[in-house]
Amino acid sequence: MALTDEAQSIRTEEMILNVGPQHPSTHGVFRLVVKISGETIIEAEPVIGYLHRGTEKLAEDLQYTQIIPYTDRLDYVSAMINNYALCHTVERALDLEIPERAEYLRIITMELQRVASHLLAVGSYLLDLGAMSPFLYVFQERERIVQMFNELCGARLTYNYMRVGGVKWDAPPGWIDQVRDFIPFMRKKLKMYDDLITGNEIFLSRVRGIGVFNTETALAYGLSGINLRSTGFDWDLRKKKPYSIYNRFDFEVPLGKNGDCFDRYILHMQEMEQSLRIVEQAVEQFPSSGPVLGKVPKMVRVPAGEYYSGIEGTRGELGFYIVSEGKDKPYRMKIRKPSFVNLQLLPELLKGQSMANLIAILGAVDIVLGEVDA
Amino acid sequence: MSDVEDSNQKTPEENEGAEQPSKPSDSTAPAGEKVAKASEGEKPKTADPAATNSSDPTDGAKPPEAADAVAPSKPASAAKPAAAAKPAAGAKAAAAGAERPARAAKAAAPPDPRIEAAKETAEKVKATLVAELGETAVEETGAAHLNPMVRIKRDFWPQAVELLKNHADWQLNYIECMAGTDYPEYIEVVIYIQSTNLGHFICLKTRTPRDRAQIPSIVSIHPGVNWEEREIYDLLGVHFTNHPDLRRIMMWEGFKGHPLRKDYSEWDGGEENGAH
């Protein structure tokens, strides 16, 4: 029990409080059973599974191309990256060569998706902390990205865009120009958000020095993505295990210093800038013509064996583990879900904190329940 | 949905997808074209700096072959999309045909150096483990695709994982993925583990019989697998001994059965099973 002297002098009673499953700050259907004494959290126990759809089991009865739309529904705010993670694992297993134009379309869509997802993460985090307007503002910028994706593949949220060996649709005329125009626009907006939020005294007092953990803890708990990098540990799979054509682009991996909620917020902002840098370079190098789908057999059959590969998703390492018997369907497919793994540290972070900090800490871990529950 | 129906739905679509790219697209302005060309010249396929796994020069022969074999099926399915069953069957046969020669070519070709290197590393891991834990600790070594794979005897599982975490030569400290798979005779649990200092990336496995499946937990060594082990317990029914909090995590309390087992029947038992 971590109670201050003052708190101990007042008689309190332990109480069990249910946060969620239907609570706006849980970002979905997530339940947290907290044992509190006064305002202090003694113990917190996450309860998940409300959105469990058994994706892994369903995948065993589906052909590889048919699994792609299911991946859209994992982390539903970064569907493009989920699509890619599956295709990438299958492509590695088949040793496929991907057409240049498809690679560039993938990079552009994935990095735009990262921007859209991070925008939402920042917006909803601010909303959790009581700032209403950023949440409404970010939807304007996100809308432009979503509209571009809509033009590209006819969907706003669940794109089903990537295919094993390339992408489904080529960019319509003028699409690349739209992306090119978007970059300076977004940079300006990022500057605006930075001015509005980063220096805000109220915001800073809510997030500085809250929810701190160090690199050792992060590694032991298998954290990845921003949660790991906020501790100052340089671990970005786009650099560490380069996939696709990321080695052609010049970008940096922003790192935190203190491993607190503020670092996790600021990394979201900095990563958006880096993503825009990648998109900018990709647009410049974009091949003027060429196929967008490689020579792939109609029925994708993965050679017998087991395969794992992870990519840098928006929330951490997103990986697919596939056991194949050489058939057109996986024998077993396991998804390495970054949100699921990252969430494990939450009870440790919450111990001894006040109830008000609960929301700040949970929001900074940045989970999407579609992915946690799969 | 049956296989055949599904592949038929896909066929015309996929054809479009495959044929579309042959038309040059006008999406970029002339200026953009120039830039793109210039950059193409600058970048002479920097495809693979050793560490990456995307494209492999040794396999250059495969894609053209596959393309040849698939090509005949294309006009057929495009010509008569109404007669759905036939083209699909054709495509299936073609795909199978495409694979066979490719495989034969692979077998004839010299072994992939990346796989050989992985096997070698696996042997080294084995040597480390055997030196400390005895000859019986390691059951098998090899390669899981391009990664070194070491299968450890169930009884030595936590000791081996701990040893490799603390051993100066390996320092495997970061579990990237943990998964369980139900095979006909056994259940296999696998972890893909990384050394963030030394860069090793190794696949460690262990097996348990399907009846009374039981594996010692490694949560005390890597707290990050707590929920992963709970998930494997929930969905595959493997008891992790010494786990601090072994409960179901995805399914509700009172649920019977383990859905990811291959013999799981899809009927959930209705109210008997506590479903609402």
Legend entry - Chain lengthening between residue B:136 and residue B:214 when straightened (0.36 nm per residue, less Cα-Cα): 26.2 nm
Inset, instruction - Return the sequence-ordered ³J(HN,Hα) values of region A:49-64 in whole Hz as given by the Karplus equation 6.51 cos²θ - 1.76 cosθ + 1.60 applied to θ = phi - 60°, using x for Gly and Pro. - result: x, 5, 10, 6, 10, x, 4, 5, 5, 4, 4, 5, 9, 10, 6, 4
Inset, instruction - With label points built 7 Å along Cα→Cβ from the Cα atoms of residue A:14 and residue A:214, find their separation and express it in nm. - result: 3.0
Legend entry - Most mobile listed residue (A:339, A:230, A:288) in chain A, GNM with C-alpha springs under 10 Å: A:288
Legend entry - Residue-by-residue Karplus 3J(HN,Hα) for region A:229-242, coefficients 6.51, -1.76, 1.60, Hz, glycine and proline x: 6, 5, 8, x, 8, 7, 9, 10, 5, 5, 9, 6, 10, x
Legend entry - Cα-Cα separations in region B:212-265 greater than 12 Å, expressed as whole percent: 61
Legend entry - Inter-site label distance for residue B:264 and residue A:194 at 7 Å from Cα along Cβ, in nm: 4.8
Inset, instruction - Return the long-range amide H neighbours of residue B:139 (sequence gap of 5 or more, or a different chain), with a cut-off of under 5 Å between placed amide H atoms. - result: B:151, B:152, B:153
Inset, instruction - Loop only per DSSP, at most 13 neighbouring Cβ atoms within 10 Å: give me the trypsin sites (Lys or Arg not before Pro) in region B:164-268, ordered by residue number. - result: B:212, B:247, B:256, B:262
Inset, instruction - Among A:82, A:342, A:214, determine the one that fluctuates most according to a GNM of chain A built with springs between C-alpha atoms less than 10 Å apart. - result: A:214
Legend entry - Cα centroid separation - region B:121-154 against region A:303-335, whole Å: 22
Inset, instruction - First measure r as the distance between the Cβ atoms of residue B:115 and residue A:132, then evaluate 1/(1 + (r/R0)^6) with R0 = 56 Å and state the FRET efficiency to the nearest 0.05. - result: 0.50
Inset, instruction - Give the long-range amide H neighbours of residue B:173: residues separated by 5 or more places, or on another chain, with amide H under 5 Å away, using H modelled in the peptide plane at 1.01 Å from N. - result: B:194, B:195, B:196
Inset, instruction - Would you mind checking the radius of gyration and Dmax of chain A based on alpha-carbon positions, in Å? - result: 21.2, 74
Inset, instruction - Note the angle between two axes, namely the Cα long axis of helix A:132-153 and the longest principal axis of the Cα atoms of chain A, as a number of degrees from 0 to 90, rounded to the nearest 10. - result: 10
Legend entry - Extension gain from residue B:198 to residue B:162, taking 0.36 nm per residue of separation minus the Cα-Cα distance: 11.3 nm
Legend entry - Percent RCO, i.e. relative contact order, over chain A, from Cα pairs under 8 Å lying at least 6 residues apart: 26
Inset, instruction - Give the long-range amide H neighbours of residue A:43: residues separated by 5 or more places, or on another chain, with amide H under 5 Å away, using H modelled in the peptide plane at 1.01 Å from N. - result: A:35
Inset, instruction - Work out Dmax and Rg for region B:172-243 from the C-alpha atoms and quote the Rg first, both in angstrom. - result: 12.3, 39
Inset, instruction - Based on other C-beta atoms within 10 Å, arrange A:244, A:275 from fewest to most. - result: A:244, A:275
Inset, instruction - Provide, as a two-decimal number, the C-alpha radius of gyration of region B:107-201 over 2.2 N^0.38 Å, N being how many residues it has. - result: 1.10
Inset, instruction - Using a Gaussian network model of chain A whose springs link C-alpha atoms within less than 10 Å, name the residue from A:260, A:61, A:72 with the highest mean-square fluctuation. - result: A:61
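Test of the criteria: in region A:141-213, which trypsin sites (Lys or Arg not before Pro) are in a DSSP loop and have at most 16 other Cβ atoms within 10 angstrom of their Cβ?
Of the trypsin sites (Lys or Arg not before Pro), the ones in loops of region A:141-213 whose Cβ has at most 16 other Cβ atoms within 10 Å are A:156, A:208.
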Legend entry - ³J(HN,Hα) computed for each position of region B:114-120 - Karplus, 6.51 cos²θ - 1.76 cosθ + 1.60, integer Hz, glycine/proline x: 5, 5, 4, 5, 4, 5, 4
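Rule-based calculations on the coordinates, nothing more; no lab input. Keep in mind that what you see is a predicted model, and the values were worked out from it rather than measured. Methodologically, a virtual Cβ is constructed for each residue, glycine included, from the backbone with ideal geometry; neighbour enumeration extends over all protein chains shown.
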